[in-house]
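First the structure, in the form of structure tokens, and then the observations on it.
The values are calculated or read from the model by the stated rules, or taken from the named source; none is laboratory data. None of these values were measured; they are calculated from a predicted model. Using ideal geometry, Cβ is built from the backbone for each residue, glycine included, and neighbour counts are taken over all protein chains shown.
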Amino acid sequence: MNLRPDLAAIAAQVAPGSRVLDIGCGDGALMLALRDKDCDVRGIEIDGACVERCVARGLSVVQGDADRDLGDYPDASFDYAVLSQTLQTAARPDRMLEQLLRVGTRAFVSFPNFAHWRTRAALMFGGRMPVTRALPVTWYETANIHHLTVADFRDLARAKGARIEGEWFFSGERPIGGAGANLRAEFAVFELA
């Protein structure tokens, strides 16, 4: 299966046989990859059509809103809690991160970096909210309600007492180094403990 780059980075780090909660699991692509590693993978997804597709593929997914339903999970009930391309859609990303770190011993968070140079250029020279390959829909169609950057996320992790264990950055499908990531990366992945 061909995974999105952020999901491939996460899948490569999850130990075989782990218990994983995929929050905002979408079509279940990461769940399938982790199931192939003999992981016990559960998902939560707000979109009913995505839940149906996941269940039809034999995946254990419940329909729910992570903004309010993560509180129902016991402390440290998973080895890993994964939030891929979802933090920026949360009502309160700070509280979501707290719940993520409470539910999982470790957490993975991936998000679009709104400080990428293309986004900056679109705002500076066009004077409009950008439509880029990383942010392909107009401002009024997007689910993104909070615009965060690599630097913002590092500050949030620090404020919440989370330790950054790993970080991966991507420009399109291509991994890039961490130097200048706040300007160069379209997407970021962080592993937290």
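Data overview
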| quantity | calculated |
| --- | --- |
| Selection within region 117-143 - closer than 21 Å to residue 184 by Cβ, loosely packed, with under 12 Cβ neighbours inside 10 Å and without any contact (Cβ under 8 Å) to a residue 12 or more places away in the chain | 124, 125, 126, 136 |
| Any hit, region 170-177, residues being farther than 17 Å from residue 87 by Cβ, more than 17 Å from the chain's Cα centre (by Cα) and outside any loop (DSSP other than H, G, I, E, B) | yes |
| Tally of residues being assigned to a loop (DSSP other than H, G, I, E, B) and of a type in the set (Val, Ile, Thr) across region 138-166 | 4 |
| Those residues of region 97-136 which are aromatic (Phe, Trp, Tyr), outside any strand (DSSP E or B) and within 30 Å of residue 69 (Cα to Cα), in sequence order | 114 |
| Some residue of region 56-63 being assigned to a helix (DSSP H, G or I) and either surrounded by 22 or more Cβ atoms within 10 Å (Cβ to Cβ) or out of contact with any Pro (no Cβ under 9 Å at 6 or more places or on another chain) (or both) | yes |
| Every residue from region 1-28 that is of a type in the set (Val, Ile, Thr) and part of a loop (DSSP other than H, G, I, E, B) | 14 |
| Every residue from region 30-55 that is without any contact (Cβ under 8 Å) to a residue 24 or more places away in the chain, surrounded by fewer than 17 Cβ atoms within 10 Å (Cβ to Cβ) and in a helix (DSSP H, G or I) | 48, 49, 52, 55 |
| Residue that is farthest from the chain's Cα centre (by Cα), among those in region 64-97 that are surrounded by 16 or more Cβ atoms within 10 Å (Cβ to Cβ) and charged (D, E, K, R) | 79 |
| Matching option when the condition is in contact with a Ser or Thr (Cβ under 8 Å, 6 or more places away or on another chain) and touching a residue at least 12 places away in the same chain (Cβ under 8 Å), among 69, 27, 6 | 6 |
| Lone qualifier among 55, 109, 51, 62 - being closer than 22 Å to residue 9 by Cβ and either at pLDDT 95 or above or among the β-branched types (Val, Ile, Thr) (or both) | 109 |
| Residue 190 vs. criteria touching a Lys or Arg at 6+ places or on another chain (Cβ under 9 Å), within 24 Å of residue 46 (Cβ to Cβ), aromatic (Phe, Trp, Tyr) and at pLDDT 95 or above | yes |
